[in-house]
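The next block holds one structure in the form of structure tokens; read it before the comments.
The values are calculated or read from the model by the stated rules, or taken from the named source; none is laboratory data. In this text, all values refer to a predicted model and were calculated from it rather than measured experimentally. Neighbour counts run over all protein chains shown; Cβ positions are idealised from the backbone, glycine included.
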Ligand code: F0G
């Protein structure tokens, strides 16, 4: 059969509240033209993020009941620790309430002013946590990553020549090399095992640890299996183990590839750093056997980690995005190619060439998708990245709109509906104008800024 079906059936449902276009126009206006300020019940298809929005399995809901809420030494922690160790192989596992807490823990202990931390591309919370301790976050993606329409199997790769140059000049200032798998900010694109091996070798040559931001590790491993010669006959679990055996530690948001609604961890091999991290954890997150999570959350993660590497699931997951990308591409909507793991990325700068970057074409398209079809997406462009620490504003490298797919939540007909909304938006694209920011905070402005139409 050519149809790749959702490899699950539905036991519990949540109704979607229908709204009219006129109602949505009013709701968006009242939200200061910022989609983050909408109430989720006013959204038909919520593609704002794939983070914490997964549907849990019957086995995960059952595991919740087993959650032991003891302050110290709960069996739920040991099940969680064992699941993480089995999958990734690190010696120490420190639970945190979500990914950015693990990032904060790591960077507050190992980085400071004068340090520089390279990555294929830092996610915004990673960059934020590095900059918050006075260090510099540097993105070194391969050049192909910056060309949305260009097909390349591993656009999440690190540019090895740039990493070598940086390490040769400043390795004493580099406390850690990071790799983000998949590369979220760069379009959900994977890095190859070969590239990861080369990055690890460069880091090792300078005695510098390599840490992986593993948020979407299973999607990355799936693409390695699909696209990397010599990996096709191997299981996703084996590929995952190979990927992480190259690293000295990882930060993780369990809200992505652990099928959980909350949670994260810092895992590492270094005993001394582990001691320091545990001490800091007690100060900021909680005792080391719960780290800001309930015992039931630890159970949901332990079970989710087993389910996420299921290859039927990963095949269906990748296919959903590929299906939407193929259909948008066929109708002439510029998309990031090849399709990424967790989201469809539309090149809004190319779709709305009459809207200059500083008038936020990505944000303008995201607003139109909501008004026309009730779809909530997220700008990843000049609104998110354009404001510099000194308050000045420059166009981001790209103006993308991300349609992030919650895991196991939407069906084929929802995907068809999304395509149909794009058909409608395309007919009116000349009439979509730019915007201006009327109010913004100093950092991470996309969450709370308000806008008006030009
Ligand atoms: N790293 C990556 C690559 C991420 O995508 C995220 C979160 C984090 C770290 C931080 O994890 O949210 O648990 O604190 N990404 C979400 C998103 C917010 O929508 O892409 P967190």
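Listed conditions (1) part of a loop (DSSP other than H, G, I, E, B); (2) under 30 Å from residue 60 (Cα atoms) are all met by residue 442, apart from (2). Exactly one residue out of 23, 81, 41 is assigned to a helix (DSSP H, G or I), free of Cβ contacts under 8 Å to residues at least 40 places away in the same chain and surrounded by 14 or more Cβ atoms within 10 Å (Cβ to Cβ): that is 81.
Scanning segment 378-396 for residues that are over 20 Å from residue 452 (Cβ atoms), outside any strand (DSSP E or B) and touching a strand residue (DSSP E or B) at 6+ places or on another chain (Cβ under 9 Å) yields a total of 2. Selection of first residues in segment 86-104 that are modelled with pLDDT of 95 or more and of second residues that are in a loop (DSSP other than H, G, I, E, B) and surrounded by fewer than 21 Cβ atoms within 10 Å (Cβ to Cβ), restricted to Cβ pairs under 6 Å at least 6 apart or on distinct chains, gives the following pairs, ordered by first then second residue: 90/269; 91/269; 96/292; 97/292. From the list 15, 7, the lone residue that is closer than 25 Å to residue 317 by Cβ, more than 16 Å from the ligand (Cβ to nearest atom) and surrounded by fewer than 12 Cβ atoms within 10 Å (Cβ to Cβ) is 15. Name the residues in segment 340-360 that are in a loop (DSSP other than H, G, I, E, B) and modelled with pLDDT of 95 or more, would you? Matches in segment 340-360: 342, 352, 353, 354, 355, 356, 360. Determine whether residue 83 is over 15 Å from residue 254 (Cβ atoms), away from the ligand (no atom under 12 Å from the Cβ) and over 17 Å from the mean Cα position of the chain (by Cα). Considered against the rule, which asks whether it is over 15 Å from residue 254 (Cβ atoms), away from the ligand (no atom under 12 Å from the Cβ) and over 17 Å from the mean Cα position of the chain (by Cα), residue 83 comes out as no. Just one of (1) surrounded by fewer than 24 Cβ atoms within 10 Å (Cβ to Cβ); (2) touching a strand residue (DSSP E or B) at 6+ places or on another chain (Cβ under 8 Å) fails for residue 225. It is (2).
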